[in-house]
Amino acid sequence: MEDTGADFTMTFRQLSEVTLSRLQKGSFAPSLWALSDLSSHKHFRDWVQLYLQCLSRIMSDSDEERQHRMQGVNPRYVLRNWMAESAIRKAEKNDYSEVTLLQKTLMEPFMEQEEAERAGYASKPPSWAQQLRVSCSS
């Protein structure tokens, strides 16, 4: 994951959203962008096999139960620099709608939320976000 610059939070969340058979096939819908990015690594197939072997040793529940369990500990939404920056820019113009949406979303980060999905909070960060630099004093 480190080699590909993977988004660790979203990779684990998306592992909880994909069936094991889909994981084995290695083809992911665009909404599973973190897994798709990770699948480009030359050792991805080897990693999947190790992951599946590990699960088979420790897992006695169904795929659905595994997904539910993982979704309970891997949030769909976490505050990202780009999200905060967008909310700050709007708030500086006296538009606090994004601040309100972030607060509402982050109160239940494990649940998929329609408004948060429309805002792109679980999507790949926008290209402009690569330019953001945050310091400790921010």
Per-region count, the range 33-43, residues in a helix (DSSP H, G or I) and either surrounded by fewer than 16 Cβ atoms within 10 Å (Cβ to Cβ) or polar (S, T, N, Q) (or both): 1
Number of positions in the range 91-133 that are modelled with pLDDT under 95 and either open to solvent by 90 Å² or more (accessible area, probe 1.4 Å) or assigned to a helix (DSSP H, G or I) (or both): 7
Ser56 out of contact with any helix residue (DSSP H, G or I) (no Cβ under 9 Å at 6 or more places or on another chain) and in contact (Cβ under 8 Å) with a residue 24 or more places away in the chain: no
Hits in the range 1-51 (condition: of a type in the set (A, V, I, L, M, F, W, C) and over 18 Å from Met70 (Cβ atoms)): Phe44
Matching residues, the range 48-90, being surrounded by 14 or more Cβ atoms within 10 Å (Cβ to Cβ), among the polar types (S, T, N, Q) and either in a helix (DSSP H, G or I) or modelled with pLDDT under 90 (or both): Gln67, Gln71, Ser86
Scope the range 1-32; condition exposed (fewer than 13 other Cβ atoms within 10 Å of the Cβ) and either among the hydroxyl-bearing types (Ser, Thr, Tyr) or in contact with a His (Cβ under 7 Å, 6 or more places away or on another chain) (or both); matching residues: Asp3, Thr19, Ser21, Ser27
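The values are calculated or read from the model by the stated rules, or taken from the named source; none is laboratory data. The shown structure was predicted, so the numbers you read here are calculated from the model rather than taken from an experiment. Neighbour counts run over all protein chains shown; Cβ positions are idealised from the backbone, glycine included. Keep in mind that these areas ignore ligands, DNA and RNA; they rest on the heavy atoms of the full protein, side chains included. Shrake-Rupley method; radii C 1.70, N 1.55, O 1.52, S 1.80 Å.
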